[in-house]
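See below for the structure under consideration.
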2 protein chains.
Amino acid sequence: MSSAFKAIAAEPRRRILNHLAGGPMTVSEIASHFEMATPSISKHLSVLKEAGLVHEQRRGQFIIYSIAADNLLNSLYGFLTPFCPHARKISAQRKRGTKPK
Amino acid sequence: MSSAFKAIAAEPRRRILNHLAGGPMTVSEIASHFEMATPSISKHLSVLKEAGLVHEQRRGQFIIYSIAADNLLNSLYGFLTPFCPHARKISAQRKRGTKPK
DNA sequence: CTTGCATTTAGACATTTTCCTATTTAGGAA
DNA sequence: TTCCTAAATAGGAAAATGTCTAAATGCAAG
């Protein structure tokens, strides 16, 4: 299992994630925003998928990718916890699945 | 300027940061916790420094490294903002340097 | 000024990553 | 089936990374 940290280390992958923040989309839709060959995008997506940072869903001919925000946030907040009280609180909330008023 | 994301992509560097969370320390102190040659530790520290994630301060013969928590948190929260309302709030606070009651 | 310790720099090497083009797989439609 | 499009895989070249040992630098104490 490859780490989320490695996955977000590459700038193109962070840009892909930012794009996906706007909602689920197909590989071609993503690729059209980059000056990179489609197979390269496909590879980046597979790295993100390995890291559990995106989900994929076949829809006929297309494959639709979407963000796995929970995994993204859990990985990073988990790491930030030792460095920040805010992260500590949020991380705990996320684990409990609760939210204080 | 090399990115904080690349800096935290390597596991040994994340471990170094976690160690430094316990307080400032010298290179040898850090190195003693790892099964890695000192020059390698030194290299990792210089990557962390380039990324603005640690500070160094010469103290006689020794060089003392400490965490630059602000930069660490700003970089990561900035990235998380589009994916999470909590991060959004905290990121804004951090930018203003204020804290709502 | 020489010696010794802490740290960095240099150089080499193996591994990994990133990108490309060409090919293959999978599905939909004629 | 045959043709077209979407996406993944294969294979390879170039660049970046991580680690080591050996050598250099910086500082302090005799």
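The values are calculated or read from the model by the stated rules, or taken from the named source; none is laboratory data. What you are looking at is a predicted structure, and each value in this text was computed from that prediction instead of being measured. Reconstructed Cβ throughout: ideal geometry from the backbone, glycine too, with neighbour counts over all protein chains shown. Remember, those area values only see protein heavy atoms, side chains included, never the ligands or the DNA or RNA. Shrake-Rupley method; radii C 1.70, N 1.55, O 1.52, S 1.80 Å.
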Counting only residues that are among the small types (Gly, Ala, Ser) and under 15 Å from B:Ala9 (Cα atoms), segment B:33-85 contains a total of 4
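Over 18 Å from A:Leu76 (Cα atoms), surrounded by fewer than 18 Cβ atoms within 10 Å (Cβ to Cβ) and at pLDDT below 95: is that true of B:Met36 in this structure?
On the way: over 18 Å from A:Leu76 (Cα atoms): yes; surrounded by fewer than 18 Cβ atoms within 10 Å (Cβ to Cβ): yes; at pLDDT below 95: no.
So B:Met36 fails the test.
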Among residues of segment A:1-21 being open to solvent by 30 Å² or more (accessible area, probe 1.4 Å) and more than 9 Å from every other protein chain (Cβ to nearest Cβ), the residue farthest from DNA strand C (Cβ to nearest atom) is A:His19
**Message:** Take A:Gly22 and tell me if it is in a loop (DSSP other than H, G, I, E, B) and either of a type outside the set (D, E, K, R) or modelled with pLDDT of 95 or more (or both).
**Reply:** yes
